[in-house]
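The values are calculated or read from the model by the stated rules, or taken from the named source; none is laboratory data. For clarity, every value in this text was computed on a predicted model and none was experimentally measured. Backbone-built Cβ (ideal geometry, glycine too); neighbour counts: all protein chains shown.
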Amino acid sequence: MFIKHDVTDEMFFDDYVNASKNMLDKLNKAKDKNYHANDCSLDLFSMFYKAEPKKEEGKIPQGLNLMKQALDQIEACSEFQSLRLSSRLDSFLAGQATESMMDTLTKYLPNVGSESRENMQECIDGASGYKESKEYEKQLKQVIDIEAKADKVKLDPDNLRGIVRNALKSAQSEQDSTQDAFYALGQGIDPMNPKSSNLHEKMHLAKKLKSNIKLQNIMKIAGQMTRIAKKVNASKNSPIEYGDVELGDSLNRILASEAMKLAHPKLKGLFYKGLADKALLQYKLDGKEPKGKGPIIVCIDSSGSMAGEREIASKGIALAMLEIARIEKRAFSLIQFASRGQYTKFDASNKVNTLDLLSELEVFLNGGTDFETPLNLAMHEINTCAFDQADIIFITDGCASVSEGFLNFFLAQKKERSTSILGIAIETNDVSIMQSFCDEIFKTEDILRECPTDRIFSI
């Protein structure tokens, strides 16, 4: 209605609506009040999604004056501009922001119910196309009168501005939580690739996060840690040089000429086709493949004393380690331990099912503390791996005895397989037992302050 959009915008919007039951419910609710609701939501989606939204010129159609005011208020808010920094060219986040805003916007839609328009449409159909039908004219006049009244509704701009700002802040908070999760879970959305992620999976993830404060907090820490981990990981590797040109679908290596297609409405489709066919022109990398390394195994104390912030911090660090494993194409295991023989084990050697991972993060054993069980499990994992140079991250807030016989056996195995063990002590100064099998020990408060992160995340 007010924002120019193309077939691609409509496609992404429809995909989101069809994947989101909540969005469908909100649209149906809005349509009961105003049959322009779907068009309005598409305008809102385009405002969040398009690189440079352009307005439709011309006179405001009858019945839409109030709706235009509402959209103008949204656009004028600094909170909207901030939200658009992330949602721009990101169909999922644009859809999420649109969904979050629809409840607020619906309150200010002119009350032009869908029933009048449906009745008019029935008259049109029944008149066999003849507009001379008296019933048609009657229904048309009814709709025109309702829309004319809607345009005369007085709106308090200050009140609307306050409500819109609060709605935008709520949408921003939801988006921040989602982005942290996507980043930490390796589910980042590629704005130039509509097929880069599973939309339904992201819907499930966003829904799960919205209803689970613990997961939200874990993802917040994980997002922070993952960004540090990626930065450290990138800096420790030697620079890679770009060589000749080849065909592929690596968006971080495509030629500028390919990227420019996205700015042209007629060439955008060719870009996506080339992406789907892995036929985009991209730079070829020169360099040697990194030598294979053993798994990364994170052992997390899940005893009763770890409940709360300690659990959240430890699992946030674990997700950052998972991202390192992804980057380096290493096997990854998460072991949660408590009393002797009490543990859970999650393997992420292949493609990780996000929902399964979230279920594992929700687990809390709430038992005692035994070190031998997780160390034994970790070494078994290492001994079944084809590569040496495994890394164990051992996270605990407590202390537990380790028998001399087990310790000697474990240290011998550790040396044989060139395994390193980094201990992370959570709010405890008693690290005497950890020192017997760890190469280095850090404190979580230092990690969260980004002090020794180079060593932690350069494993």
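General observations
- Pick from the stretch 197-229, criterion assigned to a loop (DSSP other than H, G, I, E, B) and surrounded by 15 or more Cβ atoms within 10 Å (Cβ to Cβ), ranking: modelled with the highest pLDDT: ASN212
- Qualifying residue in the stretch 413-430 (condition: loosely packed, with under 13 Cβ neighbours inside 10 Å and either in contact (Cβ under 8 Å) with a residue 40 or more places away in the chain or among the small types (Gly, Ala, Ser) (or both)): no
- Odd one out for SER339, checked against (1) within 18 Å of GLY367 (Cβ to Cβ); (2) among the polar types (S, T, N, Q); (3) buried (at least 21 other Cβ atoms within 10 Å of the Cβ): (3)
- Residue match in the stretch 364-373 (condition: assigned to a helix (DSSP H, G or I) and closer than 21 Å to GLN336 by Cα): yes
- Subset of the stretch 326-347 [part of a strand (DSSP E or B), small (Gly, Ala, Ser) and touching a Cys at 6+ places or on another chain (Cβ under 7 Å)]: none
- When ASN350, ASN376 are screened for being outside any loop (DSSP other than H, G, I, E, B) and surrounded by fewer than 19 Cβ atoms within 10 Å (Cβ to Cβ), only ASN376 passes.
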